[in-house]
Amino acid sequence: MDEIIRLICDEDGIRLDVYLGNAISSHSRSYMQKLISEGHVALNGHPCGIKKQILNKGDLVDVVIPDAELLDVVAEDIALDIIYEDQDLMVVNKPQGMVVHPAPGNYSGTLVNALMNTSDRLSSINGVIRPGIVHRIDKDTSGLLMVAKNNHAHEFLADQLKAKTTLRVYWAIVNGQMKETAGTIDAPIARHPVDRKKNAIRQDGRNAVTHFEVLERFKFHTLVALKLETGRTHQIRVHMASIGYPLVGDPVYGLKNEKVKHVGQLLHAKKLGFMHPSTGQWMEFDSELPDYFVRVLEKCRAL
């Protein structure tokens, strides 16, 4: 059953989301904001979907904490490369070609299908289709992902992503020999105005920042490390293409004729760091480059 919490505000001039974040210590403010947006909060008997609503002393606030939905995603016996696991979370090394969660056209063979078979506990904050999924990477991007096994861990990890305190470093092979040794791409990203399957640099887009460092130069390509400050959809792919160095193998933002042929962008989530939700300890993980990535590297060196 859903949990219903009734509160009486004891101060004037406080925002609704701030008040709930302080009053209900079992959940984070970002989760309270989510409940407000989804219509689970009432103010003085009337639904209130305004996070910044100012409260007065004596206001009656009712909050409905939805019960965890039964997960109906089918568990599948798919091998996973689990780098780390404890009672709160897992760090998984996702292979290239695996979709993170079920969606139209991909209802099986996903990371979530595999997780359902591996763990009997996953967070329910993102609903029945995305249990445990705190953040995503593209189907053809390989590498490290953190998975939450309970809602407290999920909220704690998601808050770090929002506060930009996690470490996320990707390695990529791009077309062209980059002249710069290091730099920052600070360019907002939004949905492409014509092609709805693509994103693009747009001044009305959401803030997006990527830091890059050249690791190795080849005759026609460059190996780059990319540190995410934000996490927009296709951020690295859009940013690198925007400065003239699209990722090798990228079917959406890449070159039509490439020196090295590969299906799927050459992008690997190599490093992941975050504060543990229970211990507060900083944890950092590094993954080896997968075989497909190494093979393309060798081809680039041989040209």
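The values are calculated or read from the model by the stated rules, or taken from the named source; none is laboratory data. Because the structure is predicted, anything quoted here is derived from the model rather than measured. All Cβ positions, even for glycine, are placed from backbone atoms using ideal geometry, and neighbour counts span all protein chains on display.
Residues of region 41-50 being under 27 Å from the mean Cα position of the chain (by Cα) and in a strand (DSSP E or B), which ones?
Of all residues in region 41-50, those under 27 Å from the mean Cα position of the chain (by Cα) come to 41, 49-50.
Listed by number, the list holds a single entry, Val41.
Scanning region 168-191 for residues that are surrounded by fewer than 13 Cβ atoms within 10 Å (Cβ to Cβ) and over 18 Å from Val209 (Cα atoms) yields a count of 1.
In region 216-226, of all residues being touching a residue at least 60 places away in the same chain (Cβ under 8 Å) and crowded, with 17+ Cβ neighbours inside 10 Å, the one that is nearest to the chain's Cα centre (by Cα) corresponds to Leu223. Restricting attention to region 192-215 and to residues that are free of Cβ contacts under 8 Å to residues at least 12 places away in the same chain and among the charged types (D, E, K, R), the residue that is surrounded by the fewest Cβ atoms within 10 Å (Cβ to Cβ) turns out to be Arg196. Among the residues of region 81-96, is any farther than 22 Å from Glu284 by Cβ and aromatic (Phe, Trp, Tyr)? No - not one qualifying residue is present in region 81-96. Looking across region 73-96 at every residue that is modelled with pLDDT of 95 or more and among the charged types (D, E, K, R), the one that is nearest to the chain's Cα centre (by Cα) is identified as Lys94. Among the residues here, Glu298 qualifies as of a type in the set (Asp, Glu), loosely packed, with under 11 Cβ neighbours inside 10 Å and out of contact with any Leu (no Cβ under 6 Å at 6 or more places or on another chain).
Tell me yes or no: at least one residue of region 30-44 is touching a strand residue (DSSP E or B) at 6+ places or on another chain (Cβ under 9 Å), among the hydrophobic types (A, V, I, L, M, F, W, C) and in the same structural domain as Ala158 (by TED's automatic domain parsing). Checked against the condition, which is being touching a strand residue (DSSP E or B) at 6+ places or on another chain (Cβ under 9 Å), among the hydrophobic types (A, V, I, L, M, F, W, C) and in the same structural domain as Ala158 (by TED's automatic domain parsing), region 30-44 yields no hits at all. Across region 248-292, what is the total count of residues that are among the hydrophobic types (A, V, I, L, M, F, W, C), within 20 Å of the chain's Cα centre (by Cα) and within 18 Å of Ala225 (Cα to Cα)? Of the residues in region 248-292, 5 are among the hydrophobic types (A, V, I, L, M, F, W, C), within 20 Å of the chain's Cα centre (by Cα) and within 18 Å of Ala225 (Cα to Cα). A search for C-beta distances below 8 Å between a residue of region 1-19 that is under 16 Å from Arg29 (Cβ atoms) and any residue that is surrounded by 15 or more Cβ atoms within 10 Å (Cβ to Cβ) and of a type in the set (Lys, Arg), counting only pairs 6+ apart in sequence or on different chains, returns Arg15/Lys51; Leu16/Lys51; Asp17/Arg29; Asp17/Lys51; Val18/Arg29.
Checking each residue of region 33-40 against the condition of being under 20 Å from Leu122 (Cβ atoms), out of contact with any Lys or Arg (no Cβ under 7 Å at 6 or more places or on another chain), of a type in the set (Lys, Arg) and not in a loop (DSSP other than H, G, I, E, B) gives at least one match.
Of all strands (runs of 3 or more DSSP E) completely enclosed by region 198-303, which ones contain at least 2 residues that are modelled with pLDDT of 95 or more? Talk me through it step by step, then tell me what you get.
Details: elements: 199-201, 209-217, 221-228, 267-275, 282-286.
Once the strands (runs of 3 or more DSSP E) in region 198-303 are filtered for at least 2 residues that are modelled with pLDDT of 95 or more, what remains is 209-217, 221-228, 267-275, 282-286.
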